[in-house]
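Report on the structure given below.
The values are calculated or read from the model by the stated rules, or taken from the named source; none is laboratory data. What you see is a predicted model, and the numbers here were worked out from it, not measured in a lab. Note that we place each Cβ from the backbone using ideal geometry, even for glycine, and neighbour counts take in every protein chain shown.
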Amino acid sequence: MGTSVLAALLAEYRADDLGERSWWVSLSGNDTDIPRRFGVSTVPEYRQWISARGATLWAPDEGTALGTVLEQVSTTGRGVPVVDAGARAFSVAQSLHLEPLPEAVTPVLVVSPRPDLLNRAREVFDCWDTMSLLADTVLVIACQVPTLNHLALTELMQNALTGKVAAVVAVDYDPVLGEGTALGVERQNALSERTWDAVAELAEQTSSRTQADRRSVVSQ
């Protein structure tokens, strides 16, 4: 499961299961296939769509500032934005650190339990820690390879980072997501219960319990 799919499923879950006005926002501009995978065949001129589960999918113009995105979505019908930042861990850290952002933003880092990717992630963790972001970040460990013996590495990551991040959520391999095909309502209903349990846990970790202090989420 990639970051974009996880972010979109989180937005779908918020909209359908939680009944919230939910937005999935891509900061990757045109470099995303999420609208197509979630059933959007025609791209409107204003680059916003409604998914089958009721989430708004929005791909703003390339280069739109993160603070601008969060402010616009958060003030439009009290929406809960899920911002997909793509592979921009370092630039997003700069934005979260320097831009005037809403206080209730929950950063999410997604990593795969593969030794090579975990080694690369160390630099990201160090950067986010230096920016004083890591302690407020939810870490998602998502297995994308069916034959990978990921349990030991996942447990190792959980043990190493528990207490250093806000929460750790583990997502097991799901063959439906592994197909890489469209994720309409029918295919989403075919996702394993464990996948939706993980998405529900992520929603819980990135949501405020009070209406007055709704949290945004930035997935990376």
Complete set of residues in region 74-90 that are under 25 Å from residue 17 (Cβ atoms) and either buried (at least 19 other Cβ atoms within 10 Å of the Cβ) or acidic (Asp, Glu) (or both): 74, 79, 80, 81, 82, 83, 84, 85
In region 1-20, the residues that are modelled with pLDDT under 85 and crowded, with 17+ Cβ neighbours inside 10 Å: 1, 2, 3, 4, 20
Within region 168-200, tally of residues that are hydroxyl-bearing (Ser, Thr, Tyr) and over 27 Å from residue 106 (Cβ atoms): 1
Residues (touching a helix residue (DSSP H, G or I) at 6+ places or on another chain (Cβ under 7 Å), within 13 Å of residue 26 (Cα to Cα) and assigned to a strand (DSSP E or B)) located in region 56-90: 57, 81, 82, 83, 84
Failed criterion for residue 218 (all others in (1) buried (at least 21 other Cβ atoms within 10 Å of the Cβ); (2) at pLDDT below 90; (3) in a helix (DSSP H, G or I) hold): (3)
Region 21-56, subset over 13 Å from the mean Cα position of the chain (by Cα), modelled with pLDDT of 80 or more and closer than 23 Å to residue 181 by Cβ, residue surrounded by the fewest Cβ atoms within 10 Å (Cβ to Cβ): 50
Selected residue [modelled with pLDDT under 80 and within 13 Å of the chain's Cα centre (by Cα)] from 79, 86: 86
